[in-house]
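Coordinate-derived values only; no laboratory data. These figures come from a predicted structure and were not determined experimentally. Here the Cβ positions follow ideal geometry from the backbone for every residue, glycine too, while neighbour counts run over all protein chains shown.
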Amino acid sequence: MKKLSEQITELAARAAKLEKSATAAQQENKAKLEARIETAKAETKAMHQTFNARVQSLEAKTSEHWTELKQNFDIRIKQIKQEVDDRKDSRDLKRAQKRADRAENNAEAAVSFALYSMSEAEVAVLEALDARAYASSLEENAA
């Protein structure tokens, strides 16, 4: 498993990549945008597999909590994507606009969730560092 510092660096790089991708996508034609979407989906699938492997490597109690959270998240994401996909082929302007609104709302919620998750990750990292420092101090005192 990667060290926390490596994971934080990876998180920062991923955030920068998202910003660059979103900016570039606004200027692209439909074919390039669709290719970018497929690439992002493939990367997300790989990240999903990496997350699963990381969670499974954790202690049973910790793994159980993260697995449950991930399953609930996966179910909701699948529902949201299905709702967006169900309206994708519509030729009606109002339906297309509603689909775009839903897709934008979904993107905003996903980014908000990611920001919230980053805040939670910061707390978790700091608590992990504090716990390690405390354990080390006990070890030093015992020696």
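At-a-glance table
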| read-out | value |
| --- | --- |
| Dipole magnitude of the chain about its Cα centre (Cβ charges: Lys, Arg +1; Asp, Glu -1), debye to nearest 20 | 940 |
| Kirkwood-based Rg to Rh ratio, the range 90-130, C-alpha trace | 1.41 |
| Kirkwood Rh, Cα atoms: Rg over Rh of the range 1-96 | 1.06 |
| Cα-Cα over 18 Å, subset of LYS2/LYS78; LYS20/LYS45; LYS45/LYS81; LYS3/LYS45; LYS17/LYS98 | LYS2/LYS78; LYS20/LYS45; LYS3/LYS45; LYS17/LYS98 |
| Potential extension, LYS94-LEU69 segment - 0.36 nm per residue separation minus Cα distance | 5.5 nm |
| Debye intensity ratio in log₁₀ form over the Cα atoms of the range 64-143, taken at each q of 0.13, 0.26, 0.27 Å⁻¹ | -0.62, -1.17, -1.20 |
| In degrees, nearest ten, helix 60-86 long axis to first principal axis of the chain (Cα) | 10 |
| Rounded to 10°, Cα long-axis angle of helix 4-25 versus longest principal axis of the chain | 10 |
| FRET E, pair GLN79, ASP130, Förster distance 22 Å, beta-carbon r, rounded to 0.05 | 0.05 |
| Crossing angle, helix 30-56 versus the chain [Cα axis fit, 0-90 degrees, rounded to tens] | 30 |
